[in-house]
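Visitor: Sending over a structure as structure tokens; questions will come in a sec.
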Amino acid sequence: MKKKEARLYYQNLRNQLTEDEINNLSLKIIINFINHFEPSDKTISVFLPIIAKREINTTFLFSLATNFRLAIPKWNEETNQLTHYLYEPSTTTFITSKLGIQEPENGEIITPENIDYVLTPLLAVDKKGIRVGYGKGVYDTFFKNCSAETLKIGLHYFDITQKIEDTNDFDVPLNYCITPEKIFHFE
């Protein structure tokens, strides 16, 4: 499957999910993450969902964040870079970007090398951990600035696909992908 095909196919599958299904599947994914990765004392990059794209509802993680830190990305369209801000429940305020993403308006900046886990949005992922996003390369660029120990973890409603055919040297593979039923580890 090529990236363009994968984007269309998996977005169509997402579009068929009801709001209740999205929330139930999202909660299972978040619970799988917590149970498998035991994030105590870690710093976790977590995207906020684009509701219109029916992304994983990661907000469930916020109510569980008592013994780990959350870093919320903010995208700079001009540089195509992500800057992460530490989430502080009492002081962090959010704005809606022109892409419909809730982004932090303020906060302490967390550098990429200080992030332990990057929970990563995706539309598709193959058995080698190559993810398909929306095509801007934002997360691939960000991954290159992270520590070698940082785990790149995709979140996906569906099973992985066999192979993404049109990969390139710019693609950075994930370490893991979490679905509602499984956790895939990529070597």
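Visitor: Pick out, from segment 1-83, the helices (runs of 4 or more DSSP H) lying fully within it that include 2 or more residues that are on the phi < 0 side of the Ramachandran plot, surrounded by 14 or more Cβ atoms within 10 Å (Cβ to Cβ) and modelled with pLDDT of 95 or more.
Guide: Ranges flagged: 3-15, 19-37.
Visitor: So in segment 137-161, with the set limited to residues that are farther than 21 Å from Asn24 by Cβ and in a strand (DSSP E or B), which one is modelled with the lowest pLDDT?
Guide: The qualifying residue modelled with the lowest pLDDT is Thr161.
Visitor: Looking at segment 114-123, is at least one residue in a helix (DSSP H, G or I) and of a type outside the set (Val, Ile, Thr)?
Guide: Scanning segment 114-123, I find at least one residue that is in a helix (DSSP H, G or I) and of a type outside the set (Val, Ile, Thr), so the answer is yes.
Visitor: Looking at (1) touching a Lys or Arg at 6+ places or on another chain (Cβ under 8 Å); (2) modelled with pLDDT of 95 or more, which is the one condition that is false for Tyr134?
Guide: For Tyr134, the failing item is (2).
Visitor: Then there is this: If Gly107 passes every condition in (1) farther than 25 Å from Tyr10 by Cβ; (2) of a type outside the set (A, V, I, L, M); (3) at pLDDT 95 or above but one, which one does it miss?
Guide: (3)
Residue-wise test of (1) within 21 Å of Leu13 (Cα to Cα); (2) of a type in the set (Ser, Thr, Tyr); (3) touching a Ser or Thr at 6+ places or on another chain (Cβ under 6 Å).
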position: Lys74; (1), (2), (3): no, no, yes
position: Phe94; (1), (2), (3): no, no, no
position: Asp116; (1), (2), (3): no, no, yes
position: Pro173; (1), (2), (3): no, no, no
position: Tyr176; (1), (2), (3): no, yes, no
position: Glu187; (1), (2), (3): no, no, no
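Visitor: Shifting gears a bit: Before we move on, is Ile95 at pLDDT 95 or above and not in a loop (DSSP other than H, G, I, E, B)?
Guide: No, not satisfied.
Visitor: Just checking, how many residues over segment 166-184 are under 16 Å from the mean Cα position of the chain (by Cα) and either among the hydrophobic types (A, V, I, L, M, F, W, C) or at pLDDT 95 or above (or both)?
Guide: The number of residues fulfilling the criteria is 11.
Visitor: What are the pairs, 6+ residues apart or on separate chains, where a residue within segment 91-114 that is over 20 Å from Cys146 (Cα atoms) and touching a residue at least 40 places away in the same chain (Cβ under 8 Å) has its Cβ under 6 Å from a residue that is surrounded by fewer than 12 Cβ atoms within 10 Å (Cβ to Cβ) and of a type in the set (Gly, Ala, Ser)?
Guide: Pairs that qualify, where the first residue is over 20 Å from Cys146 (Cα atoms) and touching a residue at least 40 places away in the same chain (Cβ under 8 Å) and the partner is surrounded by fewer than 12 Cβ atoms within 10 Å (Cβ to Cβ) and of a type in the set (Gly, Ala, Ser), are Gly100/Ala52.
Visitor: I've got another one for you. Enumerate the pairs (first residue in segment 58-69 and under 11 Å from Pro39 (Cβ atoms) and without any contact (Cβ under 8 Å) to a residue 12 or more places away in the chain; second residue anywhere and loosely packed, with under 14 Cβ neighbours inside 10 Å and of a type in the set (Asp, Glu)) with beta-carbon separation below 9 Å, excluding pairs fewer than 6 apart on the same chain, so at least 6 apart or on different chains.
Guide: Within 9 Å, no pair qualifies.
The values are calculated or read from the model by the stated rules, or taken from the named source; none is laboratory data. These numbers were taken from a predicted model, which means no experiment stands behind them. Glycine also receives a Cβ, built like all others from the backbone with ideal geometry; neighbour counts cover every protein chain displayed.
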